[in-house]
């Protein structure tokens with residue numbers, strides 16, 4: 001249970017996802033499961049796709065028709081709780097927030113982990129956005145095999161002991 | 001004797017925010033902080049803040065510190081900043097006895113704002129005095145302020161936001177976090193913070209606590225065990241963790257010692273973190289022209305401390321006879337910000353505590 005171990009269940013995760021059809025284009029998936037006083041996702045979205053509303057404690061609601069999957073909310077979310085997903089044939093393209101050094105580089109193979117931190121597959125880094133705008137929360141673009149759509153969440157940090 | 005219209009003790013988020021309002025209203029302000037740099041805990045807060053744009057949400061604490069200090073720059077001629085200075089005593093005529101570089105001097109203030117923040121709670125367990133047992137704030141200071149790793153393998157005790165955030169920052173520093181234990185049956189802080197460390201492989205263990213630290217001259221291992229319904233350790237459930245550092249994040253206590261020297265009424269309100277001053281809606285204590293805001297008044301996030309500081313500053317300025325433009329409207333807007341920040345489940349405890357305090361006052 002997420003309240004005990006911090007791991008969202010499969011049902012919880014799937015409930016936040018758009019349909020497979022909608023995922024032909026990139027869409028942000030917001031995993032903000034508990035009410036907390038926070039709304040930068042709403043105020044940072046250039047397309048008004050995310051609504052928290054008057055009470056900043058309410059959970060964000062996303063309109064997938066408006067979401068372009070740009071990823072701006074991903075690096076503005078203080079909880080690092082937003083990921084962009086897109087299905088591209090047999091691959092899932094992801095944009096994840098990443099706050100570790102060294103940053104991966106374009107073309108790197110990386111270990112992809114699930115929400116419990118277990119290695120599930122290998123992924124490839126396609127792009128790293130880490131400019132002024134990202135303000136120290138890099139946006140990593142990567143691809144993973146399509147089977148891992150609902151499991152893949154981030155990448156393993158470069159090993160502690162080098 | 002040096003004099004000041006308003007002395008603010010503590011240059012953290014609450015104190016700096018109060019200073020800005022007072023300066024804007026035309027007051028002469030002295031900020032005293034025992035650290036060499038202003039900012040209080042913001043100095044080491046490398047994570048993005050929650051809240052809304054009004055409290056700089058999604059900006060990092062270290063950047064917010066700069067905004068707050070820059071806000072004071074235009075008023076340099078009326079502002080005196082005394083860092084590296086400890087207020088050792090406050091007398092009832094608002095004379096503050098201060099220590100700087102082993103030298104003692106006095107400041108006479110017309111009004112005093114106490115924004116001293118909080119200290120970390122300790123946890124009793126066997127060998128908790130071994131080197132390698134740290135409070136979470138100390139670990140944060142070592143890593144984020146001085147760039148020093150406290151150790152290589154850490155056990156984090158406590159799943160409030162501090163434990164979760166410092167756990168993540170340990171990972172960012174390249175330190176292994178073997179586990180995060182929580183005595184209660186659920187995570188205390190924001191779930192998004194917990195998920196952040198869980199997906200990086202840190203086990204988050206509820207109903208679990210530290211039994212003892214193991215080691216001769218320093219921590220060589222930690223023993224954790226499961227707790228029963230009555231928060232008692234269950235014999236036979238002990239597990240030994242290979243760690244060299246134990247990080248304690250089990251809550252904060254308001255630092256009210258100075259405040260109490262002024263003779264203000266203080267009451268124990270568990271939901272606010274312990275002994276806290278009785279306050280009116282303007283953050284006035286029971287002693288004329290002595291105010292308290294931020295963590296010293298109630299343990300909360302820095303976002304709320306900033307808003308409280310601003311409300312306090314406006315009231316303190318008016319009480320000194322300065323005119324504050326649109327004061328009524330602005331206070332209402334700031335109170336609304338607090339209402340928003342405290343409106344959800346994480347704010348429930350503080351809401352209850354403030355109600356209790358109102359009844360006591």
**OP:** Could you check residue B:179 against (1) surrounded by fewer than 22 Cβ atoms within 10 Å (Cβ to Cβ); (2) more than 14 Å from chain A (Cβ to nearest Cβ) and say which number it fails?
**Re:** (2)
Original post:
Could you list, in sequence order, the residues of the range A:46-68 that are in contact with a helix residue (DSSP H, G or I) (Cβ under 8 Å, 6 or more places away or on another chain) and more than 12 Å from chain B (Cβ to nearest Cβ)?
Top reply: A:46, A:50, A:51, A:64
Original post:
Do we find a residue being assigned to a helix (DSSP H, G or I) and either facing another protein chain (nearest Cβ under 8 Å) or touching a residue at least 60 places away in the same chain (Cβ under 8 Å) (or both) anywhere in the range B:148-158?
Top reply: no
Original post:
Is it the case that residue A:49 is more than 24 Å from residue B:169 (Cβ to Cβ), at pLDDT 95 or above and surrounded by 21 or more Cβ atoms within 10 Å (Cβ to Cβ)?
Top reply: yes
Subject >> Qualifying positions in the range B:182-225 - away from every other protein chain (no Cβ under 12 Å) and assigned to a strand (DSSP E or B) >> reply: B:209, B:210, B:211, B:212, B:213, B:214, B:221, B:222, B:223, B:224, B:225
**OP:** Mind listing whichever residues of the range A:138-158 are free of Cβ contacts under 8 Å to residues at least 60 places away in the same chain and more than 10 Å from chain B (Cβ to nearest Cβ)?
**Re:** A:140, A:141, A:142, A:143, A:144, A:145, A:146, A:147, A:148, A:151
**OP:** Starting from the range B:69-97, take each residue that is without any contact (Cβ under 8 Å) to a residue 60 or more places away in the chain and list its partners that are part of a loop (DSSP other than H, G, I, E, B), counting only C-beta distances under 6 angstrom and pairs at least six apart or across chains.
**Re:** B:69/B:38; B:78/B:28; B:84/B:36; B:86/B:34
Subject >> Subset of the range B:54-97 (residues that are within 14 Å of chain A (Cβ to nearest Cβ), surrounded by fewer than 19 Cβ atoms within 10 Å (Cβ to Cβ) and under 28 Å from residue B:322 (Cβ atoms)) >> reply: B:54, B:66, B:67
**OP:** Tell me which residues, restricted to the range A:79-102, are within 12 Å of chain B (Cβ to nearest Cβ) and either free of Cβ contacts under 8 Å to residues at least 24 places away in the same chain or within 19 Å of residue A:128 (Cα to Cα) (or both).
**Re:** A:80, A:81, A:82, A:83, A:96, A:97, A:98, A:99, A:100, A:101, A:102
Original post:
With the range A:1-95 as the region, which helices (runs of 4 or more DSSP H) entirely inside it contain at least 2 residues that are closer than 16 Å to residue A:148 by Cα?
Top reply: A:10-16
**OP:** Name the one entry in B:325, B:267, B:300, B:308 that is part of a loop (DSSP other than H, G, I, E, B) and touching a helix residue (DSSP H, G or I) at 6+ places or on another chain (Cβ under 8 Å).
**Re:** B:300
Subject >> Single residue of A:16, A:54 found to be free of Cβ contacts under 8 Å to residues at least 24 places away in the same chain and under 14 Å from the mean Cα position of the chain (by Cα) >> reply: A:16
**OP:** Quickly run through the range B:207-218 and pick out the residues that are on the phi < 0 side of the Ramachandran plot, in contact (Cβ under 8 Å) with a residue 40 or more places away in the chain and in contact with a strand residue (DSSP E or B) (Cβ under 8 Å, 6 or more places away or on another chain).
**Re:** B:209, B:210, B:211, B:212, B:213, B:214
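The values are calculated or read from the model by the stated rules, or taken from the named source; none is laboratory data. Bear in mind the structure is a predicted one, so any value in this text is a computation, not a measurement. No Cβ is skipped: glycine too gets one built from the backbone with ideal geometry, and neighbour counts run over all protein chains shown.
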